[in-house]
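Enquirer: Encoded as structure tokens, here's the structure I'll be asking about.
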Amino acid sequence: MSQPEKNYQVNLLRPKQGHMRDEVLIILAILFGWGVCTFGFQLLVYLCRGTGAGSLLTRLTLFNLPLHFWFTGQFLPLWFIVLCVVFNLYVDRITEYHSRKRDKSYE
Amino acid sequence: MNDSSWSIFVVLLVLASFIVVGLRQKSRESQEYGFGGRYTGRIGGGAAIASNWMSAASLMGLAGIIYLQGYQGLAYVIGWTGGYVLLLVLLASQIRRFGKFTAPEFVGERYGSQAARAIAAAISIAISIIYCVAQFKGIGLIFSFMFGIDYQQGVTYGALAVVSYLVISGMLGVPRNQQLQYLVISVSFIVPLMWLARKLGYFWLLPQFGYGRALTDLSRQFNIDFTLPFANGSLYQWCALCFTLMVGTAGLPHVLSRFYTVPNVRDARWSVVWGLFFIALIYWSAPAFSVFGRLLEARSGLIPDPAAARDAADVIALKTAVWAGLPGWLVGVLAAGALSAAFFTVAGLLMTGAASISHDIYYSMVNRSASESARMQVAKGGTLVLAAIVLLLALDPPGLIAEITAVAFALAGNTIFPLFLLGIWWGRANRYGAIAGMLTGIVCTAIAPLCGGIFPQLALLFPVTSSALLGAPLVIAVMIAVSLATPAPSEEMGRFLEKEVHGHLD
């Protein structure tokens, strides 16, 4: 509010100082967790096929399900819920922090 | 009464109950609650998101595709849940602060262009039509299953039933009670599954986790391995499909519009979490139907050839219930759940599509002086025209329910998602970029069916159900390049984005 920022262009990769920077950091962190567990795991299963680690991934069972099937079919949806909860808790926190900083009531 | 008439009776009962509850709610709402009566908190908002989302693709298509493709089908489960993460972190609160909820309105406002708005409206209508074809296939299959008629007849009667339902609830002004709908849909999906698990002797209290032993039995006794990774498609196909469904989820117009009913940004965010949880409950269950179906099939010694399996796939949940000898009324409950999911999805999509025809195309482009009643007429006519187009396409559906639905997701992921993403997160994106991006997205989606014969290599890279893994980044690149080569958007929009959408706490 204090110093007028001239010519700021909204850009996900170059966020403004303050609330937006905090928000973008958590967004990138969540997207990292989302991408690695979804696509990274599939790549792992693919690369390990035919090796000892691969048969560990597909033979080891959890709830009577092979590990990779359990991870993809049951754990990943749960993981997405966890990511959303973490995101919301964090955004609630930074929103409250910046609202207080700005001395204004919450939203 | 015999079994099938019990099923029909239960289905009719459920549909009628929605009208009755809607009518009661309507009279109560106008007396007691006023306009505020629709909001019921984060959990209620989540149930509304979930019931808006549940369609024939979730309740029939998912079980069908996993029955057919095993591990490969899990890409649908992941795609349709993981998309909500993208939606929540990248778009949900920003769209809300932007204040425009339908895709054409957002595009028209953000990019300041009537042409962009018209293209976005045409794309949303195309998405509605494709999505509805899949729903109609589901409705047709349930009708032909219940009444013992052939598919073409079933889908025709189904279309008549949907349109009359729309007309009746439109005339009575019945509100959609989405929380009740979610309850009915999920109970009618999970209770038969528990019954099934119990009957087959597996852990039935949580059949979502109890089907593991059935999977083991299947591979030990009958040598059918459901879980072999990448047996029915390559790693690229799996990831492309999964990614496409994810960006499609975050770009689907009727999903984006869901942030209306919740009063503030914080509640909107938390209701996405509840919505995702409610959706996941169904998606943890669907594979169980497929596994039980395969098991019962194997036990009866009938292993169908691939063509027959493909025909059976979309009704595998119902067939499994019948093979296991579930009582007729319970099969009816299952059918009623799937049917009401398909019904309400179709109703919502047809009405949204018709509103887009009347508002974004007729009113904004053709006749700016059209009266309220003339626009209403166009909207009503539009509903019928859309329903007729969908029926014609659904008479000979080109794929499984989940596959047809995936095409709608591919189109949304290739066009609407990049437009919203850059529109919110990159101030420099302008109307020329938006139009070029949408056209590129349409080409990416249509490239496999149109040019797949001539350039098979292209069809491999842009499969019709999963073109967005390459398509969405390509569209984003085109949008950035064209935007940078043309004049910047208005100063006013830049300030609005900076101050209102992103700068609310500076």
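Enquirer: Note down the magnitude of the dipole of region B:3-407 about its Cα centre, charges +1 on Lys and Arg C-beta and -1 on Asp and Glu C-beta and zero elsewhere, to the nearest 20 debye.
Expert: Here region B:3-407 has a charge dipole of around 1000 debye.
Enquirer: If I take the Cα coordinates of region B:345-469 and project them onto the principal axes, what are the three extents in Å, biggest first?
Expert: 51, 45, 25
Enquirer: Each label point is 7 Å from the Cα along the Cα-to-Cβ direction; what then is the distance between the points at B:ARG97 and A:LEU89, in nm?
Expert: 2.4
Enquirer: Ok, one more. Distance check, please: which entries in A:LYS16/A:LYS101; B:LYS137/B:LYS199; B:LYS199/B:LYS319; A:LYS16/B:LYS499 exceed 23 angstrom between their Cα atoms?
Expert: With Cα atoms farther than 23 Å apart: B:LYS137/B:LYS199.
Enquirer: Here is a follow-up. Can you list the HN-Hα couplings for region A:9-14, worked out from phi with the Karplus curve (6.51, -1.76, 1.60; θ = phi - 60°), rounded to whole Hz and with x for Gly and Pro?
Expert: 10, 4, 8, 4, 8, 10
Enquirer: How much length is gained if the chain between B:THR486 and B:LEU206 is pulled fully straight, taking 0.36 nm per residue apart and subtracting their Cα-Cα distance, in nm to one decimal?
Expert: The span from B:THR486 to B:LEU206 would gain 95.1 nm if fully extended.
Enquirer: For region B:91-244, what is the per residue volume of the convex hull drawn over the alpha-carbon atoms, in cubic angstrom?
Expert: In region B:91-244, the Cα convex hull volume per residue is 237 Å³.
Enquirer: Now, a different point. Using only alpha carbons, build the gyration tensor for the protein assembly as shown and give me the equivalent ellipsoid semi-axes, biggest first, whole Å.
Expert: 38, 30, 24
Enquirer: Continuing with this model, one more query. Assigning unit charges at the beta carbon (Lys, Arg +1; Asp, Glu -1) and nothing else, what dipole magnitude in debye, to the nearest 20, does the protein assembly as shown show about its Cα centre?
Expert: 860
Enquirer: Please work out how much length the chain gains when fully extended from B:VAL187 to B:ASP305, using 0.36 nm per residue of separation minus the C-alpha to C-alpha distance, in nm with one decimal.
Expert: This chain segment gains 39.2 nm when fully extended.
Enquirer: Would you please give the FRET efficiency between B:ARG198 and B:ASP225, computed as 1/(1 + (r/R0)^6) with r the Cβ-Cβ distance and R0 = 35 Å, to the nearest 0.05?
Expert: 0.85
Enquirer: Going by Cα centres, region B:322-366 and region B:201-249 are how many Å apart?
Expert: Spelled out, the Cα-based centre of one part sits 27 Å from the other.
Enquirer: Over the alpha carbons of region B:3-407, what is the largest minus smallest coordinate on each principal axis, giving the biggest first in Å?
Expert: Reported extents, whole Å, longest axis first: 70, 46, 41.
Enquirer: Sticking with this one: Percent of Cα-Cα pairs more than 20 Å apart in region A:23-106, please.
Expert: For region A:23-106, the share of Cα pairs beyond 20 Å comes to 50 percent.
Enquirer: Using a 7 Å offset from the Cα along the Cα-to-Cβ direction at both B:ALA370 and A:VAL82, what is the distance between the two label points in nm, to one decimal?
Expert: 5.1
Values quoted throughout were computed directly from the atomic coordinates according to the rules given, and no laboratory measurement underlies them. For clarity, every value in this text was computed on a predicted model and none was experimentally measured. Note that each Cβ is placed from the backbone with ideal geometry, even for glycine, and that neighbours are counted across all protein chains shown.
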